[in-house]
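Every number here is computed from the coordinates shown, using simple stated rules; none is lab data. Keep in mind that this is a model prediction, so the values were computed, not measured. Positions of Cβ are backbone-derived with ideal geometry, glycine not excepted, and every protein chain shown enters the neighbour counts.
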Amino acid sequence: MTSPYALEGRVAIVTGGSRGIGRAVAGALVRAGARVCLTARDPAAVRRAVEELGGVGLAGSVGDPAHLGELTELALRTFGRIDVLVNNAGTNQPYGALMDVDPDRRHEAFTVNVEAPLRLVQHVWRAWMSEHGGSVVNICTEGAGHVGPKVGAYGTSKAALLHLTRQLAGELAPKVRVNSVSPGLVRTEMARFVWEGTEDAIATGLPLGRIGEPEDIARAVVWLASEAAGWVTGADLLVDGGTRVGAAYVPESSASGTYGVHSRLRSSAPGNS
Ligand SMILES: NC(=O)c1ccc[n+]([C@@H]2O[C@H](COP(=O)([O-])OP(=O)(O)OC[C@H]3O[C@@H](n4cnc5c(N)ncnc54)[C@H](OP(=O)(O)O)[C@@H]3O)[C@@H](O)[C@H]2O)c1
């Protein structure tokens, strides 16, 4: 019997497939039996990923509408079908208070994080999925559920992507399922400035005791892309090591953990004996 997780004969487009989460997603899709079409801006990195994984690649920015059309054509011309689209490429720039950041750079964040996924869905819908069906997975972020200093453009654009996921899930059903995965902190270049030097402290405060690896996210994406998730659409799958529920977690070595402040507060809270 074929596993419902298998993707034999399927074809997937993965944006930002040259490193980090996208590279792990592409690898996991290939291991599940799919052929992949990748994109990223650095041509050498795209070439390397294609050499390692097979499939095809096209260098360019998802912020360029023409590139998205060419990418869709390449996948269809090469493989004759497009079953899965993973909108993974994203930017966490510009940093800063929303009142201070350059409006053009703010606009760029929305172009890459929201407009590009929408345009690419439109391309694959028209080229293949409206007739034959398929599955779309958008990579959002656990952070889209919070506000925070300096990451307003990122958070706002990812929150829009979350909404877009649900909107498209309704519009494209029943042919196409549209879901998202929201990662917590994952060991990639984009997030290096967060975990480098602080990883142990962050891990101690996380209920599952470690930061994420790209493969943690890739497994969730493959599940959502596969028939195993055949009755799932419009969902956001949080893959965050328990970040969201961290406030209820008391680390064994709470004195050194991120939530050490919380445990100190609890131990002196009214009603504690
Ligand atoms: N790492 C985390 O902790 C974390 C947490 C939550 C959500 N996420 C999300 O996960 C996704 C992947 O992030 P990551 O951490 O894996 O980042 P990463 O390691 O920096 O990798 C990003 C990938 O996307 C490509 N890329 C970036 N901008 C692009 C553009 N405009 N057009 C085409 N490709 C582009 C990069 O290649 P080029 O530079 O060559 O273009 C690279 O292949 C993002 O959407 C991010 O928001 C990450």
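Tell me, which residue of the stretch 47-70 that is closer than 23 Å to residue 122 by Cβ and part of a helix (DSSP H, G or I) is farthest from the ligand (Cβ to nearest atom)? Walk me through how you get there before you give the answer.
Initially, the stretch 47-70 is screened for residues closer than 23 Å to residue 122 by Cβ, giving 55-70.
Going one step further and asking which of them are part of a helix (DSSP H, G or I), we end up with 65-70.
Values: 65: 12, 66: 13, 67: 8, 68: 10, 69: 14, 70: 13 Å.
Filtering the stretch 47-70 for residues that are closer than 23 Å to residue 122 by Cβ and part of a helix (DSSP H, G or I), the one farthest from the ligand (Cβ to nearest atom) comes out as 69.
Taken together, the residues in the stretch 134-171 that are farther than 16 Å from residue 113 by Cα, in contact with a strand residue (DSSP E or B) (Cβ under 6 Å, 6 or more places away or on another chain) and either part of a helix (DSSP H, G or I) or of a type outside the set (S, T, N, Q) (or both) amount to 3.
Would you please name the residue that is nearest to the ligand (Cβ to nearest atom), looking only at residues in the stretch 10-40 that are in a loop (DSSP other than H, G, I, E, B) and not polar (S, T, N, Q)? Quick ask: steps written out before the conclusion?
From the stretch 10-40, those in a loop (DSSP other than H, G, I, E, B) are 10, 16-19, 32-34; that's our starting set.
This time we only want the ones that are not polar (S, T, N, Q), so: 10, 16-17, 19, 32-34.
Details: 10: 21, 16: 2, 17: 6, 19: 5, 32: 19, 33: 23, 34: 18 Å.
Ranking the qualifying residues of the stretch 10-40, first place goes to 16.
When residue 142 is evaluated against the numbered criteria (1) closer than 27 Å to residue 250 by Cα; (2) free of Cβ contacts under 8 Å to residues at least 60 places away in the same chain; (3) touching a Lys or Arg at 6+ places or on another chain (Cβ under 8 Å); (4) within 11 Å of the ligand (Cβ to nearest atom), which criterion, by number, is the only one it fails? Among (1) closer than 27 Å to residue 250 by Cα; (2) free of Cβ contacts under 8 Å to residues at least 60 places away in the same chain; (3) touching a Lys or Arg at 6+ places or on another chain (Cβ under 8 Å); (4) within 11 Å of the ligand (Cβ to nearest atom), residue 142 violates only (2). Residues of the stretch 104-152 that are crowded, with 19+ Cβ neighbours inside 10 Å and of a type in the set (S, T, N, Q): 113, 135, 138, 141.
With a requirement of 1 or more residues that are within 17 Å of residue 140 (Cα to Cα) and under 12 Å from the mean Cα position of the chain (by Cα), the helices (runs of 4 or more DSSP H) lying completely within the stretch 178-245 that satisfy it span 214-225.
Within the stretch 91-100, one or more residues are free of Cβ contacts under 8 Å to residues at least 40 places away in the same chain and either out of contact with any helix residue (DSSP H, G or I) (no Cβ under 9 Å at 6 or more places or on another chain) or more than 16 Å from the ligand (Cβ to nearest atom) (or both). Candidates in the stretch 210-230 are the residues that are in contact (Cβ under 8 Å) with a residue 40 or more places away in the chain and touching a helix residue (DSSP H, G or I) at 6+ places or on another chain (Cβ under 6 Å); of these, the one that is farthest from the ligand (Cβ to nearest atom) is 229. Taking residue 85 as the residue in question, decide whether it is near the ligand (Cβ under 10 Å from one of its atoms) and buried (at least 24 other Cβ atoms within 10 Å of the Cβ). Criteria not met by residue 85.
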